[in-house]
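FYI, it's all coordinate maths here, none of it is from the lab. Just so you know, these numbers come straight off a predicted model, no measurement behind them. Glycine also receives a Cβ, built like all others from the backbone with ideal geometry; neighbour counts cover every protein chain displayed.
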Amino acid sequence: MKRFAWILGALVACGGANQTTTTTSSAPKPPNPQDLLVETAACWLGGMWGDVQGEVPKERTLSTLGRCESVVVTVFGGNGRDQIVRLRAHEAETVAAVRAVVSRSNDESLVRLFDAIDRAEYETMLARRAAHRIGRDAARDADMLNATEVASLKELESSGAFDALARVSEGGDHQKEARVFMLLVALDRMRVAEELPVHLKPYVIAEPLRVIFDAPAPELSHDATKPLPRGGYLAYLENAAIAAHHPVVDPNKPPLARHEEAIAGILQGIAGELAKSADGLDERTELPRVTRLFIRGLEQSRDRAL
């Protein structure tokens, strides 16, 4: 079941439907390297950046293309569709060209942050592609991992780049920006989990929740010959919500209601972490405004679950 969807969908309701949608014909050029970094990250984060601003699916598609085109226009002087596709796919030569413009700031901390976001979102992209492969595989056993799932586990649970982004958030001149982007990447990985069957969701989110909240790791199988543990996912979510300091209030609720409330508690915990870094972000970029929208939407998700 897709149990993240309704809560992350709350971001649409809370985000601000009156935001102007960027289109691919009028995307402005980012005026400075830090703004270029934010615009590039927004391109990679895709629909999530639009969700929080109240965009419907068609608007999200256009605004995502607009943000990506803004980067391409700034870096390459044109809005070629091929360059947009390469940027969204983290193609090395295209990303290197964007990085070269960011590096004109002579700010090593900013370049390091750019590299970390690139790698973390590339890692998330691979997990999303793995989720799509799994979704196309009709051969599924509720009690055992199938061959496609086993072959995809590496991409689903790979988190080295996420961990590297978290380390960037621990120091440097752009510590707060790094922390915000680390949390947004964690939310993006939760969106990947939406697309997976229940028994695979923890592979994508376990490491981010450990890093953010020190949530205890779940028991995860890597052996297609052994049965999967039953009932462990709900217990894991409830423990993660406790670690996020927003536990399920009534343990006697039906499992589905506890499931939703636990996820809402995790998201509210992420909102609290975002709030710690919201003050002091460079107001010349779009990041502070969007961060405040995320905080607002995630906090309200808890009220919807109770």
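To the nearest 10 degrees, how steeply does helix 108-136 sit against the main Cα axis of the chain, on a 0 to 90 scale?
It works out to around 50 degrees.
If r is the Cβ-Cβ distance from Ser103 to Leu153 and R0 is 35 Å, what FRET efficiency results, to the nearest 0.05? Before the final figure, lay out each step's value.
Values: r = 36 Å, r/R0 = 1.02.
Rounded to the nearest 0.05, the efficiency is 0.45.
Quick one: length gained pulling Arg296 to Gln175 fully straight, 0.36 nm per residue minus the C-alpha distance?
Full extension from Arg296 to Gln175 adds 41.4 nm.
Mind checking the angle between helix 232-243 and the chain's longest principal axis? C-alpha axes, 0 to 90 degrees, to the nearest 10.
The helix 232-243 is inclined about 60 degrees to the chain.
Would you calculate, for the chain, the mean residue ellipticity at 222 nm contributed by helices, counting each DSSP H stretch of 4 or more residues as -39,500 (n - 2.57) and dividing by all residues, to the nearest 500? Can you show the working numbers first?
Working: 14 runs with 205 residues, N = 306.
So the helix-based figure for the chain works out to -22000 deg cm²/dmol.
If packing is taken as the average count of other Cβ atoms within 10 Å, what order do 43-53, 74-84 fall into, highest mean first?
Descending packing order for the listed peptides: 43-53, 74-84.
How high is the relative contact order of the chain, in percent, with contacts defined as C-alpha pairs under 8 Å that are six or more residues apart?
Reported as a whole number, the value is 21 percent.
Taking θ = phi - 60°, what integer Hz values does the Karplus form 6.51 cos²θ - 1.76 cosθ + 1.60 yield along the stretch 245-258, in sequence order, with x for Gly and Pro?
Running phi through 6.51 cos²θ - 1.76 cosθ + 1.60 with θ = phi - 60° gives 6, 9, x, 4, 6, 10, x, 8, 5, x, x, 5, 5, 5 Hz.
Using a Cα-Cα cut-off of under 15 Å, which aspartates and glutamates could be cross-linked to Lys226, ignoring same-chain neighbours fewer than 8 residues away?
List returned: Asp141, Asp143, Glu149.
Packing-wise, with mean Cβ within 10 Å as the measure, how do 284-294, 59-69 rank, highest first?
In descending order of packing, they fall as 59-69, 284-294.
Using the Karplus curve 6.51 cos²θ - 1.76 cosθ + 1.60 with θ = phi - 60°, work out ³J(HN,Hα) for each residue of the stretch 289-301 in order, rounded to whole Hz, and write x for Gly and Pro.
Rounded to whole hertz, the list is 4, 5, 4, 5, 5, 4, 4, 4, x, 5, 5, 6, 4.
Would you kindly state how much longer the chain becomes between Ala224 and Ala164 on full extension, computed as 0.36 nm times their sequence separation minus their alpha carbon distance, in nm to one decimal?
Length difference between fully extended and current span is 18.6 nm.
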